[in-house]
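Let me begin by presenting the structure, written as structure tokens, before commenting on it.
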Amino acid sequence: MIAGPIIDSEVRLLAPGFRAISLTVEGGGMVGVQDSSILADACGLVRAGGPDWAEIHLASWDRVYERFGAKPGRTPSSAAALRKRVLKDGEIPSINPIVDLYNAISLRFAVPVGGESLAAYVGRPRLTFADGSEPFETMSNGEQVTENPPAGEIIWRDDLGVTCRRWNWRQGVRTRLEPGCTSMWFILEALETMPEPALVDAGHMLASGLERIMPGCRVQQDYLC
């Protein structure tokens, strides 16, 4: 398991209410059964207007994005993007049990959730400001390309380069979860407008869901504040 993520002090100054839950998962294999209704139930909650703190929490993410020069209307936080898809289309498609699980948690708790392959990481995850030289591997027109985020953008990175752009907007190709992954890292990211008990409940839901999907796995959960 990796050591805990590093949150740069300058990021904390920009978003003093930021806190997160980090989960690392080892072993088990994706052989268990996930409740097939978990994603549909989360979409239903969103269509009904829930959770109660959704609008204020996602608006807080918009303001944080604007502070480092991003345009949330064009590139929203991952939680806002998922919610908009459900409000527009009524649902989101099933992908696989693990992705469905963390998408459902993101919708149910209006919280950005990322999941990545630990095996692809080199060094510790770090939330920091880009200097403009870091490589980011992504897809464009069906082909893999390498970009460089502009200096000043908040990124997640490791020793090789960027793993997620604009804080939690878009994950890269190199560290994405693939079928067969048995070593994973998840991050749930909250601001001050998300109730503390809700963040804790979201972490517990993710951990218990992963244990059902990957029987015998080891889950380490850490609170970052």
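The rows are residues; the columns are (1) small (Gly, Ala, Ser); (2) surrounded by fewer than 23 Cβ atoms within 10 Å (Cβ to Cβ); (3) at pLDDT 95 or above; (4) in contact with a helix residue (DSSP H, G or I) (Cβ under 9 Å, 6 or more places away or on another chain).
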| residue | (1), (2), (3), (4) |
| --- | --- |
| Leu87 | no, yes, yes, yes |
| Ala104 | yes, no, yes, yes |
| Pro112 | no, no, yes, yes |
| Leu118 | no, yes, no, no |
| Phe129 | no, yes, yes, yes |
| Glu134 | no, yes, yes, no |
| Asp158 | no, yes, yes, yes |
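Can you pull out every residue in the stretch 197-220 that is over 15 Å from Leu101 (Cβ atoms) and in contact with a strand residue (DSSP E or B) (Cβ under 9 Å, 6 or more places away or on another chain)? Break it down stepwise before answering.
Residues of the stretch 197-220 that are over 15 Å from Leu101 (Cβ atoms), as a first pass: 197-200, 216, 218, 220.
The answer is Ala198, Leu199, Val200, Arg218, Gln220.
So which of Thr138, Thr175, Thr163 is surrounded by fewer than 19 Cβ atoms within 10 Å (Cβ to Cβ) and either among the hydroxyl-bearing types (Ser, Thr, Tyr) or touching a Lys or Arg at 6+ places or on another chain (Cβ under 7 Å) (or both)?
Only one candidate passes the filter, namely Thr138.
For the subset of the stretch 171-192 comprising residues that are over 17 Å from Val113 (Cβ atoms) and not in a strand (DSSP E or B), which member is farthest from the chain's Cα centre (by Cα)? Break it down into steps so the answer makes sense when it comes.
Of the stretch 171-192, the ones over 17 Å from Val113 (Cβ atoms) are 173-174, 178-180, 182-183, 192.
So of that shortlist, the ones also not in a strand (DSSP E or B) come out as 173-174, 178-180, 182, 192.
On the way: Val173: 14, Arg174: 15, Glu178: 16, Pro179: 18, Gly180: 20, Thr182: 18, Glu192: 17 Å.
Restricting to residues being over 17 Å from Val113 (Cβ atoms) and not in a strand (DSSP E or B), the top hit is Gly180.
Looking at (1) of a type in the set (D, E, K, R); (2) assigned to a loop (DSSP other than H, G, I, E, B); (3) more than 18 Å from the chain's Cα centre (by Cα), which is the one condition that is false for Lys88?
Checking Lys88 against (1) of a type in the set (D, E, K, R); (2) assigned to a loop (DSSP other than H, G, I, E, B); (3) more than 18 Å from the chain's Cα centre (by Cα), the one that fails is (2).
Looking only at the stretch 67-81, count how many residues are surrounded by fewer than 15 Cβ atoms within 10 Å (Cβ to Cβ) and outside any loop (DSSP other than H, G, I, E, B).
Of the residues in the stretch 67-81, 1 are surrounded by fewer than 15 Cβ atoms within 10 Å (Cβ to Cβ) and outside any loop (DSSP other than H, G, I, E, B).
Among the residues of the stretch 49-56, are any β-branched (Val, Ile, Thr), surrounded by fewer than 15 Cβ atoms within 10 Å (Cβ to Cβ), part of a helix (DSSP H, G or I) and modelled with pLDDT of 95 or more?
yes
The values are calculated or read from the model by the stated rules, or taken from the named source; none is laboratory data. Keep in mind that this is a model prediction, so the values were computed, not measured. Reconstructed Cβ throughout: ideal geometry from the backbone, glycine too, with neighbour counts over all protein chains shown.
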